[in-house]
1. Here are A:152, A:148: which of them is more than 21 Å from the chain's Cα centre (by Cα), facing chain B (nearest Cβ under 7 Å) and under 19 Å from residue A:249 (Cα atoms)?
2. Taking into account only those residues within the stretch A:291-348 that are outside any helix (DSSP H, G or I) and either modelled with pLDDT of 75 or more or surrounded by fewer than 20 Cβ atoms within 10 Å (Cβ to Cβ) (or both), which is nearest to the other protein chains (Cβ to nearest Cβ)?
3. Please specify each residue of the stretch C:88-110 satisfying the condition of being more than 7 Å from chain B (Cβ to nearest Cβ) and in a loop (DSSP other than H, G, I, E, B).
4. Taking the stated definitions as given, is residue B:134 more than 9 Å from chain A (Cβ to nearest Cβ), in contact with a helix residue (DSSP H, G or I) (Cβ under 6 Å, 6 or more places away or on another chain) and assigned to a helix (DSSP H, G or I)?
5. Looking at the stretch A:87-117, which of its residues are within 25 Å of residue A:230 (Cα to Cα) and either within 14 Å of chain B (Cβ to nearest Cβ) or surrounded by 24 or more Cβ atoms within 10 Å (Cβ to Cβ) (or both)?
6. Out of the residues in the stretch C:316-334 meeting the condition of being part of a loop (DSSP other than H, G, I, E, B) and closer than 18 Å to residue C:424 by Cα, tell me which one is farthest from the other protein chains (Cβ to nearest Cβ).
7. Which of the residues that make up the stretch C:56-71 are at pLDDT 90 or above and touching a helix residue (DSSP H, G or I) at 6+ places or on another chain (Cβ under 9 Å)?
8. Counting just the residues of the stretch A:119-135 that are buried (at least 24 other Cβ atoms within 10 Å of the Cβ) and under 23 Å from residue A:151 (Cα atoms), which one comes out nearest to the other protein chains (Cβ to nearest Cβ)?
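The values are calculated or read from the model by the stated rules, or taken from the named source; none is laboratory data. Bear in mind that the values here come from a model prediction, so they are computed numbers and not experimental data. Quick reminder, even Gly has a Cβ in these numbers, built from the backbone with ideal geometry, and neighbours come from all protein chains shown.
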């Protein structure tokens, strides 16, 4: 199954790059020159490669967040909101707990951010579990609520009063160590990778993971076995929201050093799409997250040196998603049919 | 006391009716688009993206041709194209309709941003007095009375057409051959197929209609509700339409009520702004209210279901309920 | 020779993925006859007829209807050719009325609008003519199973069916209702209609058919006149060997202690007639208590209430002296409760998991299999392997996804899991539904083994034969209440059938 997905994914990557090249030709840009600048923009020096890593971390975490909720068959489209709330929580904790030793300060900030994100996700989770409220609607609407709330917070109570809507700088004890100056890549990279591995292990090898996978695949079976499906659904959402909150915290504590209004340009949505293309297969998530990070970082350099607008890369990315969703057909056909336990098997 | 009443009247006044209709109309068309596919058991989450792209196309065509008619047609056509993509991906390639929908939303954002830059050489938003909006109407009957005049004047085309459309769609779904087949396809596709109905065709048709309605929603948003294009101007309204659909149980009339509730809270929020409350809270209220109303509606459905299943209720009562 | 045949199917082949459902099948139908197609579950009878009705396209072969040749049909074609089919799973949309379900696809109309009065008029003809009583204006989700079946028949007639295919129609009827159905079918034949009757119940088939076609493993073995064959010969054709289905149960239990006591319970139900109102009974140690009744009379609700999947609104359920009606399912299982759910696909098994993972569903949290929350893979593998061997699950690949198994083997996974622990009460719901004969034997044997090991069994089954062959006592349910409890020595098809129809026990 893994081999199949990798082959499909690689094919889709190549295909979307080709389509992108076609688009560039249509608008009379030189694709070879463009892609060259793209690669350079993503890898050529410490600043550029660091930029790629900067973008990789939130993509990995938000993709992971979505994949976790998908494991309990709930689509947490609210990761963007959890990202924002986690970020502002970390920005607050970074200032409020000044004076603590760095290790403790960082842990507390993470903890608060994850708690905030987790509780926020618990709301649509509970609504879905108890009242069958469609989570796609609630999570997307709550995203706006979260965003406007943080906008309020950053303009009023938590404002740094600097003319720009932002919070004051967090204490140095809450700041994550930079690993690749002059870029802003930081130890959040290792933290996120560790979280990824931990979550993967948890899902595959623990009793909680068994319950999560069971509920996600078949709620009725899980109930017959004795699993409290509602509780597991909400737990899955809380975990998902917590990871989203952590992503936001790392952005504040590692990249910016404060909370800036509207700092995310839909990172969580990109993460969600990484997860969708990976068919929520944990093994593919880091690979695709890295690919997307390369595209995003590289397109900046590409724009600077070739004048091709970044938005074109965004279109290619979105096309990639569309193509991947179609490619899913081949691998999805074999897996979805397995999931459906179709009647034909009864004839054997 | 006088201050209280004059404050209240700043919030609740006759203009509120007009504002409610104004605010609810873009959501209404998105909601009706959602209702149509939902009756065929397809959850179309790409309505947001179709709306956004159509609103852009409408502005462009209106700007370059000076004709709102052409703009409207172009918007509907845009919706149609996206619908075809969704239909083929989901019905032929069996792609997950949620993934497709979200992909469409992403594409729409990126595409409109890109084309705004490329064609109109600007970013953020585009306004020009050369943009021809959808026509506005006054019901001349009441032009004598000042209050009634404000209530019955200045309605954009679709703000008026929206209301009869709700009833028309309701009639079509529940009273016609077309509607019966649609409902059966959505409730039990196998049953419809064995009755000789082409399920694929029906679902494809509904997705197309959904696209057209979403296209109209977009055209109204940029040429009726406002007269410009702003990046991401739909701002979640497509999803509000979907929420309204859930609220109404895919019934056009109840869905309309849901849209009116949203419009009402939106209108009140703008009025409340003049009281000095932080603007962000005002912006938040419609979204929050939609979630609360939706949750309450679903909770009610669950409660009704529980009651009708209950063995403690005497049979006469519960079958009346059913 | 072919000119008199209404329908002729020759050399039909049909496969789904790797499964050969129909292999070189031949079938023909004469005008005015009742022709039965018999075979065990999975023999291909439904598939063959679904091909005639146009739901499936054959891979090879030809179909002749009234001397016109076709390579494949669609349901719309079949309807035009006056072929109608009443399926095993009812093809009805739940959210519209019975009338609307009947006219679907053939709606009388004035312009766009449906002409309901015209529809009513047309349908009344069939209701009156054949005695097919149904409530036209009720929402389909509220009607009984018998009414649903009659609706399906009228649906076919309304479309002008002259050839009617019925797929296992009596599986949802009481013996008496089945008799009524046969009368209706005979009346239709006198009226010139031709009937294909798919069944695995040999008694019925012998009773009503003119001719019988036997199928096994996708092939049509023989077509004979009913008068020319006997039941044992027919059974041998179907199965290919001698079959002993009446496994004599061993010594009957003596009424000692009570394992399960159900006291005056009220349980909510999907339909008015399946709500449980004030039901009480007891299950004794070492006995098999069979619950008989037509599907939809509250058996599912009762089972779910005992399992903890449906709330008990009033009353008590006591297991081994502990009140469990407010306890969650997990607690009940820990108190010695094992459960084979009615629907193995949606409740008994998780199609998204492997055989191994399905086998440990009730033990994965126990210390043997999980330490500090982490699963102990080695022990899990050992247990899975042991169970697969003990219950003869084929193919024995524990890493394979459970949906790759056939119906019988899949059911064995459920049984293996539930019998693994030493339970004191096993609730088995429709344990042999949709399972081929070889597996049926082994599953019934497993249930008797459980009893022999001291586990009491509450057996819920709509298969009267199964109830009669396994139970020590039999309880009959009708419309959410118990109409009678009989000892096996006094029970037979007739008095059970009456109780299943609601007649109180004399």
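1. A:152
2. A:348
3. C:88, C:89, C:90, C:106, C:108
4. Against the criterion (more than 9 Å from chain A (Cβ to nearest Cβ), in contact with a helix residue (DSSP H, G or I) (Cβ under 6 Å, 6 or more places away or on another chain) and assigned to a helix (DSSP H, G or I)), residue B:134 does not qualify.
5. Correct list: A:113, A:114, A:116, A:117.
6. This residue is C:321.
7. Matches in the stretch C:56-71: C:56, C:57, C:58, C:61, C:63, C:64, C:65, C:70.
8. A:124
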